[in-house]
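Each remark here refers to the structure printed beneath this line.
The values are calculated or read from the model by the stated rules, or taken from the named source; none is laboratory data. Only a predicted model underlies this, so the values are computations on that prediction, with no experimental measurement involved. Here the Cβ positions follow ideal geometry from the backbone for every residue, glycine too, while neighbour counts run over all protein chains shown. Side chains are part of the model used for accessible areas, which takes the heavy atoms of the whole protein and leaves out ligands, DNA and RNA. Shrake-Rupley method; radii C 1.70, N 1.55, O 1.52, S 1.80 Å.
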Amino acid sequence: WSAWGLETPEIARAAAFAGATFTFGVVLLTGIAALAEPLVTLDRLHLPVLPVRLLGAAALALALAYVAWSVWNRGGVVRVGEHEIAVPPPRLVAAQVLVAITDWMLASSVLYVLLPAGHGVSFPAFVAVFLLAQTAGIVSHVPGGVGVFETLMVLQLGGAVSTEAMLGTLLAYRAVFYLVPFAVAIVLLSVHEFRLQRARLSRTASFVAESYSRWGEPLLPAAVGVMTIVGGVILLVSGATPAVRGRITALVGVLPLGVIELSHFAGSIAGAALVVLGWALSRRLDAAWHLARVLIAVGIVASLLKGLDWEEAVALSVVFAILSVSRNAFYRPSSLLAEPLTPEWGAAIALIVGVCVWVGFFSFKHVEFTNDLWWRFAARGDAPRFLRASAGAAAVLGIAGVMRLLRPAEPALPVATPDALARVASALPKIDDTAAALALLGDKQLLFAEGGGGAGFLMYGVSGRSWVALGDPFGTPAELRELAWRFRELADRHAGWPVFYEVSAHHLPLYIDLGLTLLKMGEEAMVPLADFSLDGGKRKGLRRTRNDLQRAGARVEFVEAAQVPTLLTQLRAISDDWLSAKSTREKGFSLGRFDPDYLARFPHALVYVGDRLVAFANIWTGSGIELSVDLMRYASDAPHGVMEYLFIEMMLWGRAHGYARMSLGMAPLSGLEGSALAPRWHRFGGLLYRHGEHFYNFKGLRQYKEKFDPQWEPRYLATPAGLALPRILANVAALISGGITGLVGK
């Protein structure tokens, strides 16, 4: 739709309207079906008549109320809080009714025409059965309703169509209604993209490579994962249903019974494992790719040897071929037995296997299940084979090695080596942004620009799945772009979320190109030093602070980095006193900490009262354009306003030494738009900024920095979009706080 000129909000509204039409059809036809469903069907399903009828009446009333609402308002507008919802006009609602009914009638007719001849089920009755099964599949939240839909169809039509015929019909329905349209859509998308790109590409081969890289490759792992799950379900259902008698008779004539029994058991084991591996394949894991190919090959051989099920073998061969040619899409290193499956995936896998086992018990409901059945081996022993195969499949799901299968290996992240820190130290005098000095803390990983001769580098940390780069990459524009993309690819190789924390507005197009969403975090205060002075009425407060401190005997001394080691004992005492008074602990990542090796790399500003040292700050100088302070600490008995006095003296010192600006650091959540039309993040951040003083001094911090008349520069968080944001924010907070312990404490 974007190729037709539609904007993202327009596409979202169109998709929502289409979804509403789909839901409307479900509600309308479910209501009709629940009211019209014969009592025989309800009895077969053990459903109470009155609740089902009441449910149908409620659903039908809801659908009719929607139509009446449209007629009553006739294209008006309904306000819900701050939002306006346009009421669809009656003409459009009539079209929705027609489309919804037609859609569901056609969907049910596809399965109806596939039923074997002589079933004796009328089309209206079948539509009711179909709708009930589809509704149950939707409510179950299982993808495509796989298993749930089939179970209810077999149960409802069991008296008219045999289980074997019904299961075959349902498999054919899945292929006709889902797989064939999917294949047609791929062809149409390819043709459409070819027509769009043909004028810009000189050779067809380059176009195919670009289109695959742009569209096919990102979708391929998920598609192959779904195909693998379907292949596993095919093997499980096949193992849970009786074999075709003629084929078994032919096999027994040429193969030992033990081969048939072993093949049946192996096919079900492979099916259960493939259902689990579908999840691992969707995460692009290389070990999953290798193991899936082996298991699919086992499934193909087992399908032929257990019952000459050539249809299953063909379907699995297609999956095997697609998996084989897509090797490059599965590149992430993986570690066995490293992480349990998520509860959602675990529940879905257990449900799929459970439904397949239920299908087996339903297929052999006429068999008396006794203990000796487990050890009965016969050419027509379908029920014993089903029991043994089900036990094997359950064992596969119960083994911890399968339940905790194939997550990306924890990256072996090297600590910053002395050589790497020395390289950073030599690059800092060439970099304007003084925040680059945080790389010398040694608590972050470093990524250097290719070539080795440039000054470009990027610093980052890893917490959970979040790979967090601190600030913009440093270096020339070419180095900056190269580093950003390399970091993006590095995180992707380990199934991580690439995050850029506290980035400036200068490089926002780069982060958009990386596919990231930008959230404003606040604003950084930059004080221009060329015109800074203490003259004038606006500087009255600053003059008073300076005069008060000087009358108290305070003075500021600036010492070079070489002199700092002799002062470390005094600085340590002040730092410990400050931490104790604030009831806090050392932070990291985006904040400096008291580390002798780190502090010894920088000049310091020292505040004395008489001959006693009461406060200090290490100074970042960068290339000589920007000046900023990092670790600022003072004794508990230092004079009031000592930090403000230190800032004033540093600004005067910086102006005298030719610095253009001084950074006072961030004001978190400052400058976020509070309008009702602003993005949700801005409105939430603005609310926290205005009313969150109990948690953090948001307003006070900005007001404190405002007295220096800074220029406020926005800072952003570049992050993947979606529901991962809360976890990403928690990961970033854990990095800064030094782990979960520091996150929940001070």
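Taking each residue of segment 224-250 that is more than 22 Å from Tyr178 (Cβ to Cβ) and looking for partners that are surrounded by fewer than 23 Cβ atoms within 10 Å (Cβ to Cβ) and at pLDDT 70 or above with beta-carbon atoms closer than 7 Å, six or more apart or interchain, yields Pro242/Glu164; Arg247/Leu308; Ala250/Leu308.
As a summary of the residue check, Met632 satisfies the conditions (1) in contact with a strand residue (DSSP E or B) (Cβ under 7 Å, 6 or more places away or on another chain); (2) crowded, with 19+ Cβ neighbours inside 10 Å except for the one numbered (2).
Whenever a residue of segment 518-533 is more than 19 Å from Ser590 (Cα to Cα), its partners that are of a type in the set (D, E, K, R) and part of a strand (DSSP E or B), lying with C-beta atoms within less than 8 angstrom and at least six residues away or across chains, give the pairs Val527/Arg661; Pro528/Arg661; Leu529/Arg661. Can you name the condition, by its number, that Arg247 falls short on among (1) under 28 Å from Asp492 (Cα atoms); (2) open to solvent by 10 Å² or more (accessible area, probe 1.4 Å); (3) modelled with pLDDT of 70 or more? Evaluating Arg247 over (1) under 28 Å from Asp492 (Cα atoms); (2) open to solvent by 10 Å² or more (accessible area, probe 1.4 Å); (3) modelled with pLDDT of 70 or more leaves (1) as the failure. The set of residues in segment 421-441 that are open to solvent by 20 Å² or more (accessible area, probe 1.4 Å), assigned to a helix (DSSP H, G or I) and farther than 16 Å from Val629 by Cβ comprises Leu421, Ala422, Arg423, Ala425, Ser426, Pro429, Lys430.
Considering (1) touching a residue at least 12 places away in the same chain (Cβ under 8 Å); (2) of a type in the set (Val, Ile, Thr); (3) outside any strand (DSSP E or B), the lone condition that Ile512 does not fulfil carries the number (1).
If we keep just the residues of segment 690-724 that are open to solvent by 40 Å² or more (accessible area, probe 1.4 Å) and in a helix (DSSP H, G or I), which is modelled with the highest pLDDT? Only one residue fits best here, namely Glu706.
Counting only residues that are of a type in the set (D, E, K, R) and open to solvent by 40 Å² or more (accessible area, probe 1.4 Å), which one in segment 311-334 is modelled with the highest pLDDT? By that ranking, first place goes to Glu311. Of the candidates Leu291, Leu304, Leu274, Leu308, the single residue that is within 37 Å of the chain's Cα centre (by Cα) and either farther than 12 Å from Thr228 by Cβ or open to solvent by less than 30 Å² (accessible area, probe 1.4 Å) (or both) is Leu274. Every condition in (1) open to solvent by less than 30 Å² (accessible area, probe 1.4 Å); (2) in a helix (DSSP H, G or I); (3) modelled with pLDDT under 65; (4) not polar (S, T, N, Q) holds for Val353 except the one numbered (3).
Within segment 635-650, does at least one residue satisfy the condition of being at pLDDT 90 or above, out of contact with any strand residue (DSSP E or B) (no Cβ under 8 Å at 6 or more places or on another chain) and assigned to a strand (DSSP E or B)? No; the residues of segment 635-650 include none that is at pLDDT 90 or above, out of contact with any strand residue (DSSP E or B) (no Cβ under 8 Å at 6 or more places or on another chain) and assigned to a strand (DSSP E or B).
Got a sec? Which strands (runs of 3 or more DSSP E) wholly within segment 548-620 have at least 2 residues that are among the aromatic types (Phe, Trp, Tyr) and modelled with pLDDT of 90 or more?
By residue number, 612-620.
Go through (1) within 18 Å of Ala59 (Cβ to Cβ); (2) touching a helix residue (DSSP H, G or I) at 6+ places or on another chain (Cβ under 6 Å) and name the single condition Pro124 misses. The number of the failed condition is (2). Condition check for Arg493 on (1) over 25 Å from Tyr659 (Cβ atoms); (2) crowded, with 18+ Cβ neighbours inside 10 Å; (3) in contact with a strand residue (DSSP E or B) (Cβ under 7 Å, 6 or more places away or on another chain); (4) of a type in the set (D, E, K, R): one failure, at (2). Scanning segment 86-130 for residues that are outside any helix (DSSP H, G or I) and on the phi < 0 side of the Ramachandran plot yields Ala86, Val87, Pro88, Pro89, Leu115, Pro116, Ala117, His119, Val121, Ser122.
If the condition is being assigned to a helix (DSSP H, G or I) and buried (at least 22 other Cβ atoms within 10 Å of the Cβ), then segment 460-486 contributes Leu483, Ala484. Taking segment 137-164 as the range and being surrounded by fewer than 21 Cβ atoms within 10 Å (Cβ to Cβ) and modelled with pLDDT under 75 as the test, the residues that pass are Ile138, Val139, Ser140, His141, Val142, Pro143, Gly144, Gly145, Gly158, Gly159, Ala160.
Condition check ((1) of a type in the set (Asp, Glu); (2) farther than 21 Å from Ile138 by Cβ; (3) modelled with pLDDT of 70 or more; (4) open to solvent by less than 70 Å² (accessible area, probe 1.4 Å)) across all residues:
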residue	(1), (2), (3), (4)
Trp4	no, yes, yes, no
Ala12	no, yes, yes, yes
Gly25	no, no, yes, yes
Val40	no, yes, no, no
Leu50	no, yes, yes, no
Ala61	no, no, yes, yes
Gly81	no, yes, no, no
Pro90	no, yes, yes, yes
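Considering (1) out of contact with any helix residue (DSSP H, G or I) (no Cβ under 6 Å at 6 or more places or on another chain); (2) surrounded by fewer than 15 Cβ atoms within 10 Å (Cβ to Cβ); (3) at pLDDT below 80, the lone condition that Leu337 does not fulfil carries the number (1).
Among the listed residues Gly537, Gly522, which satisfies the condition of being loosely packed, with under 15 Cβ neighbours inside 10 Å and not β-branched (Val, Ile, Thr)?
Gly537
Would you confirm, using the coordinates I've provided, whether Lys520 is within 21 Å of the chain's Cα centre (by Cα) and over 20 Å from Met662 (Cα atoms)? Yes. With respect to the conditions (1) within 19 Å of Met662 (Cα to Cα); (2) crowded, with 18+ Cβ neighbours inside 10 Å, Leu599 falls short on a single one, namely (1).
Is it true that Ala733 is aliphatic (A, V, I, L, M), out of contact with any helix residue (DSSP H, G or I) (no Cβ under 6 Å at 6 or more places or on another chain) and either modelled with pLDDT of 60 or more or open to solvent by less than 50 Å² (accessible area, probe 1.4 Å) (or both)? So Ala733 fails the test.
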